[in-house]
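A.B. asks: Before we start, here is the structure in question, set down as structure tokens.
The values are calculated or read from the model by the stated rules, or taken from the named source; none is laboratory data. Bear in mind that the values here come from a model prediction, so they are computed numbers and not experimental data. When we count neighbours, we look across all protein chains shown, and the Cβ atoms used for this are built from the backbone with ideal geometry, even at glycine. Quick note on the areas: whole protein, heavy atoms, side chains included, nothing else; ligands and nucleic acids left out. Shrake-Rupley method; radii C 1.70, N 1.55, O 1.52, S 1.80 Å.
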Amino acid sequence: MTNSQNSFTVESVGKDFSVSNKSPLKIGVLFSQSGVTSRIGQSQLQGTLLGIEEVNEAGGVDGREVIPVVYDAQSDPRQYATLAEKLIVEDRVNTIFGCYMSSSRKAVIPIIERWNKLLFFPTLYEGFEFSDNLVYTGAAPNQNSVQLAEYMTANFGARAYLIGSDYIYPWESNRIMKELILQHPESEILGERYVKLDAGEQEFKAILEDIRVKQPDFIFSTVVGDSTASLYHAYAEAGFDPRRMPIASLTTSEAEISQMQPGTSAGHFTAAPYFQSIRSDVNQRCLERFRRRFGDGCMPNLCWEAAYFQIHLFANAFRQAGSDSIHVLLPHLLGSEFQAPQGKVRIDPSNHHTCLYPRVGRVDAHGQFTIMREATRPVYPDPYLVTHSLGDWTVKLSNHIDAPNEEG
Ligand code: ACM
């Protein structure tokens with residue numbers, strides 16, 4: 001790797017391109033290696049680099065080595081916008097892979113659209129968005145919120161309390177979750193509170209005292225980044241019992257759990273298309289390659305997986321298109337498939353989102369997820385929730401375990 005300020009490019013690994021007379025293909029990589037969402041941002045970066053190394057080991061794209069130009073956007077939407085423009089104008093990339101918080105994606109979209117470039121976004125989000133210049137490889141609300149609402153209300157009850165970080169994704173994701181929960185006949189929303197992005201345990205203590213009084217059936221958390229650990233620590237400190245009133249989330253992944261004291265998250269729930277614990281050969285082989293290359297320091301998670309497989313989708317489309325100009329590449333990208341660690345994924349041509357496999361997991365004592373339910377077929381993305389409502393995923397799922405109150 002060569003470093004300069006907050007950027008670096010990665011030199012070739014595994015395959016010698018020095019004899020190739022073809023110029024390398026530069027791509028932009030824009031995640032947060034510092035700031036409040038750096039734990040998950042680093043994992044997204046590493047998933048991206050693993051994908052690039054595999055592509056280069058297989059000969060690159062049309063004999064061209066793929067070279068990532070990497071910047072650290074520091075969990076700051078303004079940095080995302082500035083660096084996206086720098087990647088396009090100075091580094092002259094046509095494609096950027098990046099963003100975690102929806103506030104950063106929203107900051108990058110006008111830049112990407114103005115220059116008519118392409119952004120791959122490997123993160124679950126609130127839906128209700130489309131851009132010709134984006135490909136969304138994380139879950140839309142019909143691929144995680146619907147499943148989580150259904151699972152929690154069926155197994156714990158429909159009286160919920162919502163806590164989120166104070167920015168667009170939690171507000172919108174909570175709005176969707178409320179609409180889903182309120183379809184249940186015995187539902188009640190007992191509270192909805194927001195904390196700043198760097199909230200510590202103290203901020204959560206006051207909210208948890210309100211929760212002690214209101215006694216919901218479950219807490220829905222849209223807290224992101226470092227403060228996720230503070231929420232779960234404050235919950236444990238307050239003496240609550242996950243068997244009676246668990247936290248359910250879409251953003252508490254293996255990455256955030258790795259920032260908690262051991263056992264703190266045991267018994268809580270997350271819905272996601274990918275967990276490290278998926279038993280498939282594709283997943284196990286991918287995890288082995290990743291650990292050989294990056295060691296045990298990073299925690300693969302749903303956003304790591306999306307960051308990894310979107311590189312392969314891009315590379316395969318490039319091989320067919322022979323170009324990364326958006327108008328040449330997109331027709332080959334839309335409708336394309338890849339055998340990802342979660343199962344075979346496909347980019348839906350009509351809305352640029354991805355067909356994924358919803359799963360609900362319960363955290364075990366080691367910070368891994370026991371998969372409680374999972375889709376037997378990929379669920380098509382419906383980012384505007386036109387055709388999905390509470391209860392309709394049960395026909396699409398296989399039951400693995402149906403005893404949510406047992407210790408994991
Ligand atoms: C998010 O902000 N899309 C997690």
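A.B. asks: Please list the radius of gyration and Dmax for region 160-202, considering alpha-carbon atoms only, with Å as the unit.
C.D. replies: 11.6, 36
A.B. asks: Using the charge dipole of the chain (Lys, Arg: +1 at Cβ; Asp, Glu: -1 at Cβ; taken about the Cα centre), state which of Gln339, Ile109, Val223 has its Cα farthest towards the positive end.
C.D. replies: The residue sitting farthest along the positive end of the dipole is Gln339.
A.B. asks: Right, next: Mind checking which of Tyr167, Tyr151, Tyr125 has the largest fluctuation in a GNM of the chain, springs on alpha carbons under 10 Å?
C.D. replies: Tyr167
A.B. asks: Over the Cα atoms, compute the radius of gyration (one decimal) and Dmax (the largest Cα-Cα distance, rounded to a whole number) for region 251-345, in Å.
C.D. replies: 16.0, 49
A.B. asks: Quick check for me: using +1 on Lys/Arg Cβ and -1 on Asp/Glu Cβ, what's the dipole size of the chain about its Cα centre, in debye to the nearest 20?
C.D. replies: Dipole magnitude for the chain comes out near 580 debye.
A.B. asks: Related question: With a 1.4 Å probe and all protein chains left in place, how much accessible area per residue does region 82-191 have, in Å²?
C.D. replies: Per residue, region 82-191 has 30 Å² of solvent-accessible surface.
A.B. asks: Excluding residues on the same chain fewer than 8 positions from Lys22, give the aspartates and glutamates whose Cα lies under 20 Å from its Cα.
C.D. replies: Filter leaves Glu11, Glu53, Glu54, Glu57, Asp62, Glu65, Asp91, Asp324.
A.B. asks: So, one more: Could you run the Karplus curve 6.51 cos²θ - 1.76 cosθ + 1.60 with θ = phi - 60° over region 32-42 and give me ³J(HN,Hα) per residue in whole Hz, x for Gly and Pro?
C.D. replies: Residue by residue, region 32-42 yields 9, 9, 9, x, 5, 10, 6, 4, 6, x, 5 Hz.
A.B. asks: Kindly provide the pair-distance distribution of the chain built from C-alpha pairs, with 10 Å bins from 0 and whole-percent values in order of increasing distance.
C.D. replies: All Cα pairs considered, the percentages come to 5, 24, 34, 24, 10, 3, 0.
A.B. asks: Next up: Can you list residues whose amide H is under 5 Å from Arg159's amide H, if they're 5+ apart or on another chain and H is modeled 1.01 Å from N?
C.D. replies: Counting only residues 5 or more places away or on other chains, the set is Glu188, Asp217, Phe218.
A.B. asks: Further question on the same structure: What would the Debye formula give as log10 I(q)/I(0) at q = 0.12, 0.24 Å⁻¹ for the alpha-carbon point model of region 149-257, no solvent?
C.D. replies: Log-scaled intensity ratios, in q order: -0.35, -1.49.
A.B. asks: Which Cα, out of Ile211, Gln79, Leu329, lies furthest along the positive dipole direction of the chain (beta carbon charges, K/R +1, D/E -1)?
C.D. replies: Checking the options against the dipole of the chain, the answer is Leu329.
A.B. asks: Just add up the charged neighbours of Gly367: K/R +1, D/E -1, any other residue whose Cβ is under 11 Å from the Cβ of Gly367.
C.D. replies: -3
A.B. asks: Continuing with this model, one more query. Per residue of region 97-106, in order, report the coupling 6.51 cos²θ - 1.76 cosθ + 1.60 (Karplus, θ = phi - 60°) as ³J(HN,Hα) in whole Hz, putting x for Gly and Pro.
C.D. replies: Values per residue, Gly and Pro as x: 10, x, 5, 10, 5, 4, 4, 6, 4, 4 Hz.
A.B. asks: For a distance above 16 Å, tell me the whole-number percent of Cα pairs in region 69-142 that qualify.
C.D. replies: Pairs farther apart than 16 Å: 42 percent.
A.B. asks: Work out the length of the dipole vector of region 173-327 about its Cα centre, built from +1 on the beta-carbon of each Lys and Arg and -1 on the beta-carbon of each Asp and Glu, and round it to the nearest 20 debye.
C.D. replies: 520 debye
A.B. asks: In Å, the Kirkwood hydrodynamic radius of region 206-298 over pairs of distinct alpha carbons?
C.D. replies: Radius from the Kirkwood sum: 14.7 Å.
A.B. asks: About the Cα centre, and with charges only on the beta carbon of Lys, Arg (+1) and Asp, Glu (-1), how big is the dipole of region 304-394? Nearest 20 debye, please.
C.D. replies: Dipole of region 304-394, to the nearest 20 debye: 160 debye.
A.B. asks: Between Leu334 and Ser131, what is the label-to-label distance in nm when each label sits 7 Å out along the Cα-to-Cβ direction?
C.D. replies: 1.7 nm
A.B. asks: Return the long-range amide H neighbours of Leu356 (sequence gap of 5 or more, or a different chain), with a cut-off of under 5 Å between placed amide H atoms.
C.D. replies: Val379
A.B. asks: Counting alpha carbon pairs within less than 8 Å and at least 6 residues apart, what relative contact order, in whole percent, applies to the chain?
C.D. replies: Averaging sequence separation for qualifying contacts and normalising by length gives 18 percent for the chain.
A.B. asks: Further, regarding this structure: Taking all protein chains as present, what is the carbon and sulfur share of the accessible area of the chain, in % to the nearest whole number, probe 1.4 Å?
C.D. replies: Solvent-exposed carbon and sulfur of the chain make up 47 percent of the total.
A.B. asks: What order, most packed first, do the peptides 56-68, 134-146 have when packing is the mean number of other Cβ atoms within 10 Å of each residue?
C.D. replies: Order by mean packing, descending: 134-146, 56-68.
A.B. asks: Would you grab the residues whose amide H sits under 5 Å from the one on Phe97? Only those 5+ places off in sequence or on another chain, please, with H modelled 1.01 Å from N.
C.D. replies: Amide H neighbours of Phe97: Gly28, Val29, Leu30, Phe120.
A.B. asks: Just from its helices, what would the mean residue ellipticity at 222 nm be for the chain, if runs of 4 or more DSSP H residues each count -39500 (n - 2.57) and the sum is divided by every residue, rounded to the nearest 500 deg cm²/dmol?
C.D. replies: Computed ellipticity for the chain at 222 nm equals -11000 deg cm²/dmol.
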